[in-house]
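Worksheet: the structure to be examined is printed underneath.
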Amino acid sequence: MDEKDILWGLTDSNTMEEVREKAFALIGKIRFMPAATVNEGRPENRILDFNRLSNGNLYFMTSRGKPTYEQLCKRPQLVMNTLIDERYSLRLSAWVSETTDQAVWDEFFKLNPGTKEMYRKNFDIVALYRIDRGEGEIFHLYANERIRRLRFAFGGEEIRPMTYRITEECVGCGICQENCVEKAIHQKDDGKYYIKEMDCDDCGICYTKCPQADTALICRLKEQGET
């Protein structure tokens, strides 16, 4: 596969804004995506219709009479994940807010006349939301089980960190590189190694093989007490 075809030609030299722009453009094109909310500590999933309007933001609507609305009032957060063309995927965890901007409403329902008609008996029951801030990832399984991924954040949120990282305690033995099937581990000029996150599957094989695990090669989940 040509390099320009891998992850739509994006690399870690692209800015976070460029990666976010691609993600938003994809969501606007796909429109209908699974989205999970939280219901008393349990995830609930449904399909929502995401519209990208002329201001560049993403919007969706729901009825105030639906559980989705009640759940968003308690925790205004969505988690979305979808498959694109078999080998691409897109993940987004975002915080949302209800909008009352009349210009946004007018543009949204100009694009969705059927939805407007469906709620014609009581239009006040409609709630329109904007995606405000969040973090996500675009992912491509492109050839021979090789991957490429780029993570991004927007609206003041931070990128979700990778699970594994090599520290300055690295002794340069190269065992992690020998066992990395994604060829994501490279040697620096000082002999120590580092993980190129764009090519990393975040699988943890390097961590299981490192003779200095927990000092030279760190598992974030273990650091945070999540394992």
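Anisotropy class assigned to the stretch 139-226 is oblate, per the alpha carbon gyration tensor with a/c at or over the 1.5 cut-off and a/b no larger than b/c.
For residue 29, neighbours were defined as the other residues whose beta-carbon sits under 11 Å from its Cβ, and their charges (Lys and Arg +1, Asp and Glu -1) total +3. Legend: helices of the chain (whole DSSP H runs) are marked when their alpha-carbon atoms reach 18 angstrom or more along the helix axis and their mean Kyte-Doolittle hydropathy is at least -1.0; marked are 16-30.
Surface composition of the stretch 155-205: carbon and sulfur atoms hold 43% of the protein heavy-atom accessible area at a 1.4 Å probe.
Past 29 Å, Cα to Cα: identify those pairs from 183/222; 188/222; 4/188; 4/183; 4/29; 4/209, in the order given.
Distance filter (> 29 Å) returns 4/209.
Within the shell of other residues whose beta carbon sits under 11 angstrom from the beta carbon of residue 50, the net charge comes to +3, with Lys and Arg scored +1 and Asp and Glu -1.
Remark on the chain: 73, 170, 173, 180, 200, 203, 210, 219 stand apart, with no other cysteine beta carbon under 4.7 Å.
Only helical runs count toward this figure. For the chain, summing -39,500 (n - 2.57) over DSSP H runs of n ≥ 4 and dividing by all residues gives -6000 deg cm²/dmol at 222 nm. Amide H contacts of residue 213: none lie under 5 Å away among residues 5 or more positions distant or on a separate chain (H built 1.01 Å from N in the peptide plane; Pro and chain starts excluded). Cross-link partners of residue 121 among lysines, defined as those whose alpha carbon lies under 23 angstrom from its own and excluding same-chain residues fewer than eight positions apart: 66, 110. Just 202, 101, 12 to compare: in a GNM of the chain, with alpha carbon springs under 10 Å, which one fluctuates most? Largest GNM mean-square fluctuation: 101.
With every protein chain present, what is the per residue accessible area of the stretch 56-107 (1.4 Å probe, Å²)?
For the stretch 56-107, the solvent-accessible area averages 50 Å² per residue.
The stretch 38-112 has equivalent-ellipsoid semi-axes of 21, 20, 11 Å, by the square roots of 5 times the alpha carbon gyration tensor eigenvalues, sorted largest first. If R0 is taken as 25 Å, the Cβ-Cβ distance between residue 18 and residue 47 corresponds to a FRET efficiency of 0.35.
In this structure, residue 142 and residue 194 have a Cβ-Cβ separation that, at R0 = 25 Å, corresponds to a calculated FRET efficiency of about 0.70.
The values are calculated or read from the model by the stated rules, or taken from the named source; none is laboratory data. Values in this document were obtained by computation on a predicted structure and should not be read as measured data. Counting neighbours? That spans all protein chains shown, and the Cβs are built from the backbone with ideal geometry, glycine included. Heads up: the accessible areas ignore ligands, DNA and RNA and are worked out on the full protein's heavy atoms, side chains in. Shrake-Rupley method; radii C 1.70, N 1.55, O 1.52, S 1.80 Å.
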